[in-house]
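Worksheet for the structure shown next.
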Amino acid sequence: MSRLNAHEKKTVTFKLNGLPVRADAESRMLLSDFIRHEIGLTGTHVGCEHGVCGACTIQVDGAPARACLMLAVQAEGADIRTVEALSPGEGRLSTLQAAFKRHHGLQCGFCTPGILMSLDALISARPDAGRDEVRDHLSGHLCRCTGYVTIVEAALSALDEIRREVKSNV
Amino acid sequence: MGIEGIGASVLRKEDKRFITGKGRYTDDMVVPGMKHAVFVRSPYAHAKIVNIDTSEAEAMPGVIGILNGKQLTEDGIGNLICGWMVHSKDGSPMNMGAWRPLAQDTVRYVGDAVAIVVADTRAQARDAADLVNVEYEELPVVTGVEDALAEGAPQIHPEAKNNLIFDWVLGDEQATADAFSKAAHVVKMDIVNNRLVPNAMEPRAALGVYDAAEDHYTCWTTSQNPHVARLVMSAFYNVAPENKLRVIAPDVGGGFGSKIYIYPEEIVCLWASKRTGVPVKWNCDRTEAFLTDAHGRDHVTHAEMAFDADHHILGLKVETKANLGAYMSLFSSATPTYLYATLLSGQYNIPAIHANVKAIYTNTTPVDAYRGAGRPEATYVMERMMETAARQLGVSPPELRRKNFIRSFPHQTPVIMTYDTGDFEASLNAAMQAIDYAGFASRRAESESRGKKRGIGMSCYIEACGIAPSAAVGSLGAGVGLWESAEVRVNAVGTIEILTGSHSHGQGHETTFAQLVAERFGVGIDSVNIVHGDTDKVQMGMGTYGSRSGAVGMSAIVKALDKVEAKAKKIAAHLMEADEGDIVIENGELKVAGTDKTLPWFQMALAAYTAHNLPSGMEPGLKEGAFYDPSNFTFPAGCYICEVEVDPDTGKTEILNFVAADDFGNIINPMIVEGQVHGGLAQGIGQALLEGCHYDPQTGQLITASYMDYTMPRADDLPSFQISHQTTPCPGNPLGIKGCGEAGAIGSPPAVINAITDAIGTNGLSMPASPQKVWAALHNA
């Protein structure tokens, strides 16, 4: 296996929010930096660069992942979603986004994109999640402003709304 | 109040951009030709710089320039300042050592900036920074206040002999001694307030852009007070005159005090932009933030409280040693003095108080205001003392407090403050009812039956917000006035812009400030835009800290709205041929009272700008400004009660219930106020249970310099909170606001520790009350 050079760039191809991306990245470049600074989607935030705060959480092939713990080159072939993809249409909010606004689930907004991506994945995977599961899931994120109560309420409200929608569609 | 007026929980206007990923923070900013900076920092806590060799680093790919402190000095960039003069008890001014933006001869804490590397990419800058070869000669290190004062301790600044910055006193020493001589009981305690790292989730960042053609600088920065940053960078650091320097604080991801100060990095980025000829962006990484963001708290205190036989407080003596770190940060002298000792009367009638504060240099990160700034430390002393006194005197904690409450206002304390209003018993009663204080004994018995130890503890806090009357703070040593400004621009179509010197970094000003206008003119908040955070757009302002945006910032807006309303009424009266005194403004219309004559708001505004038919002599347009200087501090107060259960096998504390009963005066947006309380409680509970800085005493290395080592409160660490309000409107400002931003962090730590010490039956417990400490306290008891 050949040794990688720090400055050597590799072409990376993946799907980002439904659109194809093809760009060159140094092999050492973090996926978080690649998305923010090479592609210019700055909704994904970087709070610690050591995988603890969760601000940079995105979805990779449907599962939440820390963008600061992945290299851009590792995204080859992946289907990636960031906070910019959550809105169902221009000027509209997803059920989860609307619940965050309704329940005052954010203050400075810096940790919010990562938390939204994480909870969005939880809602898809575990639509019957309850309070304890939400708190447990949320404990993978740091928020310094809210004390988490309103985020928990927002998530539970979104889960409830989505369950009712599913029920009424059956 | 209307659906969008004062008192309505209006949903936030700013939320949409944050929840859709469209917020614009400093690190999101891109300008043409922008390059990236990394700082070379000292790995030693105390050392002489012998030599800086950049030859190897300069040869690295992408490197544009490497600059050091000698060049900074050559270019006349000034020292960082402390903006508040404090005098020692002998009348001498504080002994402040020099703080160079880039250290030139000596480094004094791990993280002290030595050089800046500018390169095409951040990674290249980092590679090159690693190869800057700084030769150091290590010096002995001291990190704790007691050691720093000891004979023979390492001397950190030549100006501060024995590392003593000042030895300050407040209150009447003789009267206090007399009070103690009459005491029936004296309660004594040694109390440590643990050092914290503010940890706003957005790391600090700066983008400095020098425009050679215009000889003009622009600085995007993560600041709570961009105008103060411009003022200080112009007047003291000689970066550029104010008219040649624009400071923009765009969306800022939390501050909690740590983004008040003007740090070396923004100064150096601006200077480096001129030196290198390229825009220079620096973005802090998290460990860099732990090392260089101003820390909070770090007090070591001995306190004694004297009681008469009837359990009335006679006097209080407090001796505090405050660790200010390696340099004096912007407000570092005020935080442990005028923001601390002035609150040592708490909610209680105390005839005599004497406080002595020694501020001390150590080889640690500079310490300054962090959420609450001095008031959490004062409250912790007072409420640990009151709880301990109740236990030693054998009376119930609420009854001891009740007996000593201040009940008539205004109340002059022996430590400067004049409390204007309050109802401390109302908050105490509300909190006790909310937590079912009377039912605690049976809940404790139930816990005991499961082998668990249950405890309950309270804290009755008072703080001083809305800083502050300019003349008053000026007389106490402040270098600036602490008023606020506002400008109200009514556009020709009737929409409104409010320009404010306050800065929002999570507090929701774009919503609450618009609510003021909705209340006043009956226009929708969507037609009101709040402009802040840009020195080119907004007139001079003093920024957001000390819960001042409501009490001071909004009061300035009210003054400007008064002027707009007066002129609008004159125009409307003229157009409707009515008496000015008969005009009322309701639901976006100007009406002649008692008639059906109305003039829509926008038509009045249009008339102001067409100026075709204005009252004789009136200037066209509708734009008014105001500066508001408060007449007093405001005094939010309240009672917090915490109920915990301790597992004696593991020492782990679980908060079972936490109630907050606060008096914030009048409230503009209850939803936002509740959010502020929640956030403050989380930080206070974090201090009590989880958070704490640790320095290695031999080397001065910060051991807790990442999220793997410093425990931040997470969702599964915290309970839900029961919150209530008891309102006594503040008489000192037009809206009756007291402020709510810091109360949670101020009131909660003693409530938690009082609850745990009640549970385990021993009083010797320091923060953070980790399972290890609680277990040890329990088993050594």
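The values are calculated or read from the model by the stated rules, or taken from the named source; none is laboratory data. Since the model is a prediction, treat every value here as computed from it, not as a measurement. Here Cβ is always computed from backbone atoms with ideal geometry, including for glycine, and neighbour counts include all displayed protein chains. These accessible areas exclude ligands, DNA and RNA; they are computed on the full protein's heavy atoms, side chains included. Shrake-Rupley method; radii C 1.70, N 1.55, O 1.52, S 1.80 Å.
Report, by residue number, each residue of region B:764-781 that is touching a strand residue (DSSP E or B) at 6+ places or on another chain (Cβ under 8 Å) and closer than 19 Å to B:ASN194 by Cβ. The answer is B:SER766, B:MET767, B:ALA769, B:PRO771, B:VAL774. Anything in region B:708-722 that is within 22 Å of the chain's Cα centre (by Cα) and more than 7 Å from chain A (Cβ to nearest Cβ)? List them, or say none. Matches in region B:708-722: B:TYR710, B:THR711, B:PRO713. Across region B:53-64, the qualifying residues are those that are buried (at least 20 other Cβ atoms within 10 Å of the Cβ) and more than 14 Å from chain A (Cβ to nearest Cβ), and the one among them that is farthest from A:ALA6 (Cα to Cα) is B:THR54.
Restricting attention to region B:333-384, and to residues there that are in contact with a Gly (Cβ under 9 Å, 6 or more places away or on another chain) and over 27 Å from B:TYR261 (Cβ atoms), which single residue is most open to solvent (accessible area, probe 1.4 Å)? Within region B:333-384, the match that is most open to solvent (accessible area, probe 1.4 Å) is B:PRO351. The number of residues in region A:123-152 that are more than 9 Å from chain B (Cβ to nearest Cβ) and either touching a Phe, Trp or Tyr at 6+ places or on another chain (Cβ under 7 Å) or under 27 Å from B:LYS13 (Cα atoms) (or both) comes to 1. Checked against the criterion of being closer than 25 Å to B:GLY638 by Cα, open to solvent by less than 10 Å² (accessible area, probe 1.4 Å), touching a residue at least 40 places away in the same chain (Cβ under 8 Å) and among the hydroxyl-bearing types (Ser, Thr, Tyr), region B:454-463 has at least one qualifying residue. Of everything in region B:235-280, what is closer than 15 Å to B:LEU207 by Cβ, over 24 Å from the mean Cα position of the chain (by Cα) and hydrophobic (A, V, I, L, M, F, W, C)? Give them in sequence order. Correct list: B:VAL239, B:LEU245, B:VAL268, B:CYS269, B:LEU270, B:TRP271, B:ALA272, B:VAL278, B:VAL280.
Taking every residue in region B:681-705 that is within 17 Å of B:ARG297 (Cα to Cα) and within 14 Å of chain A (Cβ to nearest Cβ) and pairing it with any residue that is charged (D, E, K, R) and open to solvent by 10 Å² or more (accessible area, probe 1.4 Å), at least 6 positions away or on another chain, the pairs with Cβ-Cβ distances below 7 Å are B:GLN683/B:ARG371; B:LEU690/B:ASP717. Among the listed residues B:VAL517, B:VAL473, which satisfies the condition of being assigned to a helix (DSSP H, G or I), at pLDDT 95 or above and either on the phi < 0 side of the Ramachandran plot or open to solvent by less than 50 Å² (accessible area, probe 1.4 Å) (or both)? Every option except B:VAL517 fails the conditions. Taken together, the residues in region B:631-652 that are assigned to a loop (DSSP other than H, G, I, E, B) and open to solvent by 10 Å² or more (accessible area, probe 1.4 Å) amount to 8. Looking only at region B:653-678, filter to residues that are of a type in the set (Asp, Glu) and either open to solvent by less than 10 Å² (accessible area, probe 1.4 Å) or without any contact (Cβ under 8 Å) to a residue 40 or more places away in the chain (or both); which one of those is farthest from B:ILE737 (Cα to Cα)? Once the filter is applied, the top-ranked residue is B:GLU654.
The residues listed here are A:ALA129, A:ALA154, A:ALA158; of these, the one that is open to solvent by less than 10 Å² (accessible area, probe 1.4 Å), outside any helix (DSSP H, G or I) and more than 19 Å from A:CYS56 (Cα to Cα) is A:ALA129. Restricting the first member to region B:116-129 and to residues that are at negative phi and open to solvent by 10 Å² or more (accessible area, probe 1.4 Å), and the second to residues that are at pLDDT 95 or above and in a helix (DSSP H, G or I), the beta-carbon pairs closer than 8 Å and six or more apart or on different chains are B:ARG122/A:ASP33; B:ALA129/B:ALA57.
Can you name the residue in region A:1-33 that is farther than 14 Å from A:ASP79 by Cβ, away from every other protein chain (no Cβ under 13 Å) and basic (Lys, Arg) and is also surrounded by the fewest Cβ atoms within 10 Å (Cβ to Cβ) among such residues? Only one residue fits best here, namely A:ARG3.
Conditions tested, residue by residue: (1) crowded, with 21+ Cβ neighbours inside 10 Å; (2) within 22 Å of A:GLY147 (Cβ to Cβ).
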| position | (1), (2) |
| --- | --- |
| B:GLY680 | yes, yes |
| B:ALA688 | yes, yes |
| B:THR699 | no, no |
| B:MET708 | no, no |
| B:ALA743 | yes, yes |
| B:ILE753 | yes, yes |
| B:VAL774 | yes, no |
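Among residues that are farther than 22 Å from B:GLY2 by Cβ and away from chain A (no Cβ under 14 Å), B:SER475 is included.
Within region B:1-47, if we keep just the residues that are under 26 Å from B:VAL252 (Cβ atoms), more than 14 Å from chain A (Cβ to nearest Cβ) and surrounded by 22 or more Cβ atoms within 10 Å (Cβ to Cβ), the residue that is nearest to the chain's Cα centre (by Cα) turns out to be B:PHE39.
When B:ASN733 is tested against (1) open to solvent by less than 30 Å² (accessible area, probe 1.4 Å); (2) in a helix (DSSP H, G or I), just one condition goes unmet, and that condition is (2). Scanning region B:114-121 for any residue that is away from every other protein chain (no Cβ under 14 Å) and under 18 Å from B:THR365 (Cβ atoms) turns up at least one such residue. Inside region A:96-127, residues that are among the hydroxyl-bearing types (Ser, Thr, Tyr) and in contact with a Ser or Thr (Cβ under 9 Å, 6 or more places away or on another chain) make up a count of 1. Look at region B:171-186: where a residue is over 10 Å from B:ALA306 (Cα atoms) and a partner is part of a loop (DSSP other than H, G, I, E, B), sitting 6+ places away or on another chain with Cβ atoms under 7 Å, you get B:GLY171/B:PRO414; B:GLY171/B:VAL415; B:ASP172/B:PRO414. When only residues in region B:574-596 that are crowded, with 17+ Cβ neighbours inside 10 Å and within 18 Å of B:GLY522 (Cα to Cα) count, which is farthest from the chain's Cα centre (by Cα)? Of everything passing the filter in region B:574-596, B:VAL592 is farthest from the chain's Cα centre (by Cα).
Residues in region A:38-94 that are in a strand (DSSP E or B), small (Gly, Ala, Ser) and within 30 Å of B:PRO198 (Cβ to Cβ): A:ALA65 alone.
Yes/no per residue for (1) touching an Asp or Glu at 6+ places or on another chain (Cβ under 9 Å); (2) surrounded by 18 or more Cβ atoms within 10 Å (Cβ to Cβ); (3) closer than 30 Å to B:MET85 by Cβ; (4) of a type outside the set (Val, Ile, Thr):
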{"site": "B:ALA175", "(1), (2), (3), (4)": "no, no, yes, yes"}
{"site": "B:SER181", "(1), (2), (3), (4)": "no, no, no, yes"}
{"site": "B:ASN194", "(1), (2), (3), (4)": "yes, yes, yes, yes"}
{"site": "B:VAL197", "(1), (2), (3), (4)": "yes, yes, yes, no"}
{"site": "B:MET201", "(1), (2), (3), (4)": "no, yes, no, yes"}
{"site": "B:ARG204", "(1), (2), (3), (4)": "yes, yes, yes, yes"}
{"site": "B:GLY208", "(1), (2), (3), (4)": "yes, yes, yes, yes"}
{"site": "B:GLU214", "(1), (2), (3), (4)": "no, no, no, yes"}
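Kindly evaluate B:ALA373 against the criterion of being assigned to a loop (DSSP other than H, G, I, E, B) and on the phi > 0 side of the Ramachandran plot. Yes; evaluated as a whole, the condition is true for this residue. Summed over region A:95-118, residues that are part of a helix (DSSP H, G or I), facing chain B (nearest Cβ under 7 Å) and crowded, with 22+ Cβ neighbours inside 10 Å total 5. Among residues that are on the phi < 0 side of the Ramachandran plot and facing chain B (nearest Cβ under 8 Å), A:THR57 is not included.
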